[in-house]
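Pasting a structure below so you can have a look.
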Amino acid sequence: MSGSFVADTACPATQAIKSGKNPGNVSTETGQSYQLLAGNKDTPTHYLILVPGADPERRWVKISCGHVTGGSAAATPAPADQTKPSAPAPGRPEYVFALSWQPAFCETKSNKTECQAQAPAGFEATHFTLHGLWPQPNGNFYCQVAASDKANDNPAHWRDLPPVNLDADTRAELDQVMPGTKSDLERHEWIKHGTCYGKGQQEYFADALNLMRAVNASPVRELFTKNIGKQVTSDQIRKAFDSAFGAGAGDRVRVSCLVDPSSGRRLIGELTLGLAGPIGPNSSLGELMQASAPTTKAGCPKGTVDPIGFQ
């Protein structure tokens, strides 16, 4: 599996599932993000995660201890023959909109082309970047996608996925707002998530960029830019969303953190927003958030807003 496991509670992180052997009595930390490595079976009861500083670092945790963001993991994997989008359960978000703070992401992925290209004057130094727009429920992946494209959907082979065809203006904006296009992230996002969106490539990415503009023009971005190098809390972030998009919008936001492997700093890496309702060129992000069910937990309680460049 790929992606991150975000702990919603403190749980034992064991070396073995059956025996419960736990050298060092290691536990997950609430709100902390861990690299996700594997599940113990097709429909997993436990995830194998990487716990920096533990000995050994590879540990098993129950899937009920947290949630997964990004990557290819789902608590209940989608059927292999899935051909059309699934409907979300009542009261659940219809979409998850994922925003990255790129400098933090790059602290853990320094070999990525887009991370090597970071610059102090770059867009990603002071703006949120686009990770993805994901139709729900989780596991609603790869709609009418060829088996060969599924097989190529890992970072080492994203270049082998079909190219995404966009008009010139949308492509230029996407290349700025999604730095991962340098590593063909847009091909992955379309194959895995966009194929279940119900629209074409142009509309899928244009809709996502429209929502990104709203976030980057809001007090949420101001909160981050004013606190680069400092810590912010999930409460501050949620209040900024309330200010920008109406009372209660912040209750639809989950904060994910990651650990800088070189310094041990806890960094804010991603915000995920629950949305509900039809999305189009004139959609209001506030209305889409208000229409979604509240998120039960805010996620990571606090973390540092990482400056651009490797720290």
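If you take the residues in segment 117-140 that are farther than 19 Å from N227 by Cα and open to solvent by less than 20 Å² (accessible area, probe 1.4 Å), which one is modelled with the lowest pLDDT?
G139
Pairs under 8 Å by beta carbon, first residue farther than 12 Å from E270 by Cβ in segment 93-110, partner among the aromatic types (F, W, Y) and assigned to a loop (DSSP other than H, G, I, E, B), six or more apart or different chains?
From residues that are farther than 12 Å from E270 by Cβ, the pairs are C106/F310; E107/F310; S110/F310.
Can you list the helices (runs of 4 or more DSSP H) lying wholly within segment 198-308 that have 3 or more residues being of a type in the set (S, T, Y) and under 26 Å from V68 (Cα atoms)?
Per the criteria, no element qualifies.
Across segment 147-162, what is the number of residues that are without any contact (Cβ under 8 Å) to a residue 24 or more places away in the chain and open to solvent by 50 Å² or more (accessible area, probe 1.4 Å)?
The first filter runs over segment 147-162 and keeps only residues without any contact (Cβ under 8 Å) to a residue 24 or more places away in the chain, leaving 147-148, 151-152, 156-157, 160.
From the residues that got through so far, the ones that are open to solvent by 50 Å² or more (accessible area, probe 1.4 Å) too are 147-148, 151, 156-157, 160.
Residues flagged as without any contact (Cβ under 8 Å) to a residue 24 or more places away in the chain and open to solvent by 50 Å² or more (accessible area, probe 1.4 Å) within segment 147-162 amount to 6.
Among what's in segment 271-284 and is buried (at least 17 other Cβ atoms within 10 Å of the Cβ) and over 23 Å from P52 (Cα atoms), pick the residue that is farthest from the chain's Cα centre (by Cα).
This residue is I279.
Considering S262, S256, which residue is of a type in the set (S, T, Y) and either over 20 Å from T28 (Cβ atoms) or more than 17 Å from the chain's Cα centre (by Cα) (or both)? Don't jump to the end; show me each part of the working.
Values: S256 fails: either over 20 Å from T28 (Cβ atoms) or more than 17 Å from the chain's Cα centre (by Cα) (or both).
Being of a type in the set (S, T, Y) and either over 20 Å from T28 (Cβ atoms) or more than 17 Å from the chain's Cα centre (by Cα) (or both) holds for just one of S262, S256, which is S262.
Here is a yes/no grid of residues against (1) surrounded by fewer than 15 Cβ atoms within 10 Å (Cβ to Cβ); (2) over 21 Å from the mean Cα position of the chain (by Cα):
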{"position": "T14", "(1), (2)": "no, yes"}
{"position": "I17", "(1), (2)": "yes, yes"}
{"position": "D42", "(1), (2)": "yes, yes"}
{"position": "V51", "(1), (2)": "no, no"}
{"position": "D55", "(1), (2)": "yes, yes"}
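Report yes if E124 is of a type in the set (D, E) and more than 30 Å from P261 (Cβ to Cβ), otherwise no. Break it down stepwise before answering.
On the way: of a type in the set (D, E): yes; more than 30 Å from P261 (Cβ to Cβ): no.
Considered against the rule, which asks whether it is of a type in the set (D, E) and more than 30 Å from P261 (Cβ to Cβ), E124 comes out as no.
Between N165, N111, which is open to solvent by 60 Å² or more (accessible area, probe 1.4 Å) and touching a helix residue (DSSP H, G or I) at 6+ places or on another chain (Cβ under 7 Å)? Please lay out each step first, then the result.
Working: N111 fails: touching a helix residue (DSSP H, G or I) at 6+ places or on another chain (Cβ under 7 Å).
Of N165, N111, the one residue that is open to solvent by 60 Å² or more (accessible area, probe 1.4 Å) and touching a helix residue (DSSP H, G or I) at 6+ places or on another chain (Cβ under 7 Å) is N165.
Residue-wise test of (1) open to solvent by 30 Å² or more (accessible area, probe 1.4 Å); (2) closer than 19 Å to L211 by Cα.
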site: V259; (1), (2): yes, no
site: G269; (1), (2): no, yes
site: G286; (1), (2): no, yes
site: C300; (1), (2): no, no
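The values are calculated or read from the model by the stated rules, or taken from the named source; none is laboratory data. Quick caveat, the model's predicted, so the values are computed rather than measured. Neighbour counts are summed over all protein chains in view; Cβ atoms, including those assigned to glycine, are modelled from backbone coordinates with ideal geometry. Just the protein is used for accessible areas: all its heavy atoms, side chains included, with ligands, DNA and RNA removed. Shrake-Rupley method; radii C 1.70, N 1.55, O 1.52, S 1.80 Å.
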